[in-house]
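Engineer: Dumping the structure here so I can ask a few things about it.
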């Protein structure tokens, strides 16, 4: 487009120079056409700027690290006048990476809406990725002039960690702690008849061995299990990914154990600025909401008084070097 503008200005300069040298009627007519045709093109372009728009949308508000981010770009022309070209410049700002510039063209748009997926957007590090429209313009049919059009606000996508099975040492330590604390006492049991779809792990085999029918254990909730997350804002992108992967894996394991019969709720506790926050993460959806709030820097759950928060000497706590402790005992380290 810049080359066309330069050529047009040179053509105007050459036409004006020849008019001063020669007094030909046809030359004046050609010069008037050279000026009037672009002016008419501008007149058709002015209303288009009010009827054209570029919008961003997302398929999902979250994506797992390493997956493709689903973002869509929509160009719309609501005027009866066709638009020659719409140019949209995008910036993808992902955590731990340099901003990527993307340029899209929509050519020959009548009264229509065109929606295209933005390709090659891969989430590499955990955090919040932001896609914004930095520039959106509509061009005339000569490709010389352009005017800005409406554009949408930036779109944010949370890049979540990857949860994997916890190491065997964590499972063994958790089972040992349950036995030591007496978390599964028969007095806490609520039995019901076995139904299709129930896990065999919850069948009360002691009663079945005594000749009774198949009964399923339903534990009463006897409290909450708190996991303290100790981290600072000085971690690199790779260290932050490693830490969040470990935290997500641990919470998924604890939530599944609670669902299968441990009878306790799982709560994440962390320090945000000078306050302690606690959030229930007893299932996958609550864990996802909590991770999104953590990555966005938003407050989630409820504020906890400092005197109610257990100190690192007691309970579960995950250090920023990915060491997992129960009390003062190190249960797992990489």
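Engineer: Residue 167 - would you say it is surrounded by 15 or more Cβ atoms within 10 Å (Cβ to Cβ), within 25 Å of residue 248 (Cα to Cα) and at pLDDT below 90?
Structural biologist: Criteria met by residue 167.
Engineer: Which residues, taken from segment 80-116, are loosely packed, with under 12 Cβ neighbours inside 10 Å, without any contact (Cβ under 8 Å) to a residue 40 or more places away in the chain and over 21 Å from residue 296 (Cα atoms)?
Structural biologist: Answer for segment 80-116, where residues must be loosely packed, with under 12 Cβ neighbours inside 10 Å, without any contact (Cβ under 8 Å) to a residue 40 or more places away in the chain and over 21 Å from residue 296 (Cα atoms): 80, 101, 103, 105, 107, 108, 110.
Engineer: Which of the residues that make up segment 245-276 are in contact with a helix residue (DSSP H, G or I) (Cβ under 9 Å, 6 or more places away or on another chain) and assigned to a strand (DSSP E or B)?
Structural biologist: 265, 266, 268, 270, 272, 275, 276
Engineer: Cβ-Cβ distance below 6 Å, separation of 6 or more or different chains: which pairs start in segment 308-334 with a residue that is at negative phi and at pLDDT below 75 and end on one that is surrounded by 12 or more Cβ atoms within 10 Å (Cβ to Cβ) and part of a loop (DSSP other than H, G, I, E, B)?
Structural biologist: 314/327; 334/322
Engineer: Can you tell me how many residues within segment 120-170 are under 23 Å from residue 51 (Cβ atoms) and over 14 Å from the mean Cα position of the chain (by Cα)?
Structural biologist: 21
Engineer: Another question, then. Of the residues 119, 161, 154, which single one is buried (at least 17 other Cβ atoms within 10 Å of the Cβ) and either touching a residue at least 40 places away in the same chain (Cβ under 8 Å) or over 30 Å from residue 37 (Cα atoms) (or both)?
Structural biologist: The conditions single out 161.
The values are calculated or read from the model by the stated rules, or taken from the named source; none is laboratory data. Keep in mind that this is a model prediction, so the values were computed, not measured. Because the Cβ atoms are built from the backbone with ideal geometry, glycine has one as well, and the counts that use them run over all protein chains shown.
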